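So the structure is just underneath, and the comments pick up after that.
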Amino acid sequence: MVEENKFKLIEEKWQKYWAADAKAMAAKNDSDRPKKYILVEFPYPSGSGLHVGHMFTYIGADVYARFWRMKGFNVLFPMGWDAFGLPTENYAIKMKRKPQEVTKENSENFKRAMKLVECSFDWSREVNTTDPNYYKWTQWIFIQLFKKGLAYKQEMPINWCPSCKIGLANEEVLPAGRQGLAGKCERCGAEVERRTISQWVVKITDYADRLIDGLKSTDFIEKVKMAQVNWIGKSEGARINFQLSITNYQLKTKTLEVFTTRADTLFGVTFMVISPEHPFVDEIINDEIKEYRKSIRSKSDMERAELNKEKTGVFSGVYVINPVNGKEIPLWVADYVLMGYGTGVVMGVPAHDERDNAFAKKYGLPIIEVIDENGLAKNSEMINGLNKDEAIKKMNQWVEEKGAGKATTAFHLRDWIFSRQHYWGEPIPMINCTEHGWVPVPEDQLPIELPKVEAYEPTDDGKSPLSKIDEFVNTVCPVCGKPAKRETDTMPNWAGSDWYFMRYCDPHNDTALASQELLKKWMPVDVYIGGDEHNTLHLLYSRFIYQFLWDMGVVPKEIPEPYFKRISHGVILGPNGARMSKSHGNVVLLNDAVEKYGVDVLRTALMFMGPFDGVMAWNEKTVMGVKRFLERYEKFINSSITNYQLKNTTESSREVKVIINKTIEGVTRDIEEFGYNTAIAKLMEALNKLSITNYELRIEDIKTLIKLIAPMAPYMAEELWSFDKLRTKDDVQSVHIAQWPVADPKYLVEETVTIAVAVNGKVRDQLSINNYQLRIKKEEILKQAKELEKIKKWLEGKEIVKEIYISGRMINIVVK
Ligand code: ANZ
């Protein structure tokens, strides 16, 4: 495999062989082996040239899938295309082409690339969200949401990007804290405006608690759980009523309700703030407030909520009464209070809340402290001297007893704006009848296909381009048969990816999104590999849709959550350390890399560059190092095979057995935990040890070495595996379905490891333990260290303040 062309020959040979035998890799619906559903986020097939970074994640997932297949599992490892969305639409408009064609081209391109690097996806289950047979079910799900009252149409202020001509979800507007970018469109960087349009909204907030609780039964990495919990943002607090002062008797409204998490600060309230969009503001509107409303129209929620932004507001002319002390306080209208959270009204506690403080200072409002330096309540009558939690509890009780309020929870999670005024998305399957209002398309008429048209540019008036197509718009009401109009909005990008993992279980079903039986067979996804950028929205939306379908009985009762484990993959940067992209001029094109190094080297090198969840720069040196390693590995196995022929009666020595079994043990453990870089390092180490000493290998050990490298370097492994000399009659044809080796414990007990034991940084003794004891608990190792005679002496009469253990190397006990 040293010479390039030999490489190519090997690749071609096995490509043909594997293509003919693709079934061996495919998931089997009727196998009784244990199943393993390995899911990697399906890509948005963009049109830009594919580079090595694009393939990093898929290769990493593929190593995992190959490994579990060899471990005897019935592995479901599918792939598809999340192909609706703006980038394709924008690109198609620019190139004056049809998005359908562009999508087809791009996904074929991606598929070719994935095949090129030998990702062993089960292509018989490929899905494409833009295929009418697929989005029929995306539309069906929407209708079920509507029927259960979880989808409704509402006039909403939305973020409007004047350049993309699209409504953006809050999360698609760049957040505060990004200097100069806050409030701009995530995709094009244009300044986002506020507009009010009638939109479909999905009530994900009904599931807020479930989405938090459900996490308990999953094994997501902690960072992902936290991201979900924070996004949902559950806040325990209270709603408290403030009466309008008697001087406002002419107004219809008599009380205003605030949401607060700090009822304990009620005595420190010196003003009240209402969101400019609050309906009450209409009752008291005057020129000044009108002017103020106008001035904030283009601000995004993120900008308004930002802590260190200059606060603005106007006095409303109205006063309210603080229920705890009967004091009259002024009501202000200010945009730092958002209509979408809590009640849209806030009690201003300038002594203890940062934003209220800035506001009070600017407008000369009084500041009253109600918490002392020890965090205890003061100036607050019935709760004086209590700590925060006690004070909140007692005050909430007091408020409830007086009928002035109620303890409640608020969520930061917002309902999900489900309308886009764009062409390239799933049509929302609803019909508007003047008599019957919104009526869903009868299910037997699904899918409502996106009409194939010449012009689909978004329009300035904010209407979907579909609204210009009369044949699409005009229809009849399913209830009364009279003329009616179709909804022309399309679904957001997230719709198709909400349930694709279910479709993979049963991709060709045309009577259901997937059968119960096959969902039961394959769900939940055992491991879901994805990018950090999808830890909030995609993961929440798809968990919500799954939970909703679970409630409807569409998915099996015994599987309440869709994903068991979720892990994040890393990113490959360009050689200069910047994100690999055309605009940075640092791309390593996939085709070039494959041409230059071959697939095995590319795969193994990518996996060796760093931890699978890390951020690492492409490094030519690493690639060359890995290339040399694979060449040596192959050569070593080749010569071992030759030796074996000469001395086929010899047993491997105990030394060889120890090396081999330790390697099996380590590589297996590492791959299970996505530690590909360390698994490869262990193979390198094994090769070094075995080759320096000229040990002779028995046939089983040779096979083991081939199997251990197979997930990373599939071609080389297959080529070596195919040597006639190695074969016995019950060997399977392909190494990729051969049985993964299992370490024999009798060879694992070896070597002593010495750990330096220090007290206050000075080494005082050593602890000798067996290397397999290294896997015992840290506490046990520390205990043994503290029992060493010399160490005991140093610890006598001292208090241990800290114990540091650097695995396998050093212990430091800090005493005083
Ligand atoms: C008085 C107070 C005193 C507050 C204090 C905080 C600290 P989380 O934790 O995020 O739930 N708030 C309530 N509704 C709001 C809205 N619509 N827009 C902006 N701010 C709003 O935050 C809850 C706190 O945020 C509430 O508790 C309220 O201010 C404010 F020392 O009430 B607090």
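As a ratio to 2.2 N^0.38 Å, the alpha-carbon radius of gyration for region 1-99 is 1.43. The phi-based Karplus calculation (6.51 cos²θ - 1.76 cosθ + 1.60; θ = phi - 60°) puts the 3J(HN,Hα) values of region 45-60 at x, 7, x, 6, x, 7, 10, 4, x, 4, 8, 3, 5, 5, 5, x Hz, whole numbers, x for Gly and Pro.
Computed with the Debye formula from one identical point scatterer per Cα of region 149-265, without solvent, the log10 of I(q)/I(0) at q = 0.10, 0.19 Å⁻¹ comes to -0.56, -1.14.
From the square roots a ≥ b ≥ c of the eigenvalues of the alpha-carbon gyration tensor of region 21-69, which class results: rounded (a/c under 1.5), prolate (a/b over b/c), or oblate? Because a/c hits 1.5 or more and a/b exceeds b/c, region 21-69 counts as prolate. With equal scatterers on the alpha carbons only and no solvent term, can you work out the Debye log10 of I(q)/I(0) for region 69-153 at 0.12, 0.25 1/Å? Log-scaled intensity ratios, in q order: -0.55, -1.17. For region 257-365, taking Cα atoms only, Rg and Dmax work out to 13.0, 39 Å respectively. To test your reading of the geometry: what angle, between 0 and 90 degrees and rounded to tens, separates the Cα axis of helix 699-709 from the longest principal axis of the chain? Long axis of 699-709 versus the principal axis of the chain: about 30 degrees. Computed from the alpha carbon positions, the gyration tensor of the chain leads to an equivalent ellipsoid with semi-axes of 56, 40, 23 Å, biggest first. Per-residue ellipticity at 222 nm computed for the chain from its helices equals -11000 deg cm²/dmol, with DSSP H segments shorter than 4 residues left out and the rest contributing -39,500 (n - 2.57). Each semi-axis of the equivalent ellipsoid for region 408-489 is √(5λ) with λ an eigenvalue of the Cα gyration tensor; in descending order they amount to 24, 20, 12 Å. Kindly identify region 345-470 as rounded, prolate or oblate by the Cα gyration tensor criterion: order the square roots of the eigenvalues as a ≥ b ≥ c, call it rounded if a/c is under 1.5, otherwise compare a/b with b/c, prolate if a/b is larger, else oblate. Judged from the Cα gyration tensor, region 345-470 comes out prolate (a/c at least 1.5, a/b above b/c).
Multiplying the residue separation of MET382 and LYS104 by 0.36 nm and subtracting their alpha-carbon distance yields 93.1 nm.
A simple rule links phi to the HN-Hα coupling: the Karplus curve 6.51 cos²θ - 1.76 cosθ + 1.60 with θ = phi - 60°, which for region 499-516 gives 9, 4, 5, 7, 5, 4, 5, 7, x, 10, 5, 10, 10, 7, 5, 5, 6, 3 Hz, with x for Gly and Pro.
Rounded, prolate or oblate: which one fits region 222-285, using the alpha carbon gyration tensor with axes a ≥ b ≥ c (rounded when a/c is under 1.5, else prolate when a/b beats b/c, else oblate)? Verdict is prolate for region 222-285. Taking label positions 7 Å along the Cα-Cβ direction at both ILE368 and ALA578, the computed distance is 5.7 nm, reported to one decimal. Axis angle, to the nearest 10 degrees, between helix 599-608 and the longest C-alpha principal axis of the chain: 60 degrees.
Note that region 205-217 has calculated 3J(HN,Hα) couplings of 4, 4, 9, 3, 5, 4, 5, 6, 4, x, 4, 4, 8 Hz, one per residue in order, obtained from phi through the Karplus relation 6.51 cos²θ - 1.76 cosθ + 1.60 (θ = phi - 60°); glycine and proline are x.
Pairing the Cα long axis of helix 86-95 with the longest principal axis of the chain, what angle in degrees results, from 0 to 90 and rounded to the nearest 10? Taking the Cα atoms of the chain, the angle to 86-95 is about 80 degrees. Taking each residue as 0.36 nm, the span from ASP32 to LYS463 lengthens on full extension beyond its C-alpha to C-alpha distance by 149.9 nm.
The calculated FRET efficiency for GLU191 paired with ARG628, based on their beta-carbon distance and R0 = 41 Å, is about 0.20.
Please compare each pair in LYS254/LYS406; LYS71/LYS635; LYS71/LYS662; LYS225/LYS394 to a cut-off of 22 Å on the Cα-Cα distance and tell me which ones are over it. Violating the 22 Å Cα-Cα cut-off are LYS71/LYS635; LYS225/LYS394. Students often get this wrong, so check it: of LYS762/LYS816; LYS148/LYS521; LYS147/LYS452; LYS252/LYS311, which have C-alpha atoms separated by over 23 Å? Listed pairs above 23 Å: LYS148/LYS521; LYS147/LYS452; LYS252/LYS311.
Over region 595-723, the alpha carbon radius of gyration divided by the compact-protein estimate 2.2 N^0.38 Å works out to 1.05.
Between GLU400 and GLU780, the simple label model (points 7 Å from Cα in the Cβ direction) yields a spacing of 4.9 nm.
Read-outs throughout are calculated quantities, based only on the coordinates presented, and are distinct from any laboratory measurement. Since the model is a prediction, treat every value here as computed from it, not as a measurement. Reconstructed Cβ throughout: ideal geometry from the backbone, glycine too, with neighbour counts over all protein chains shown.
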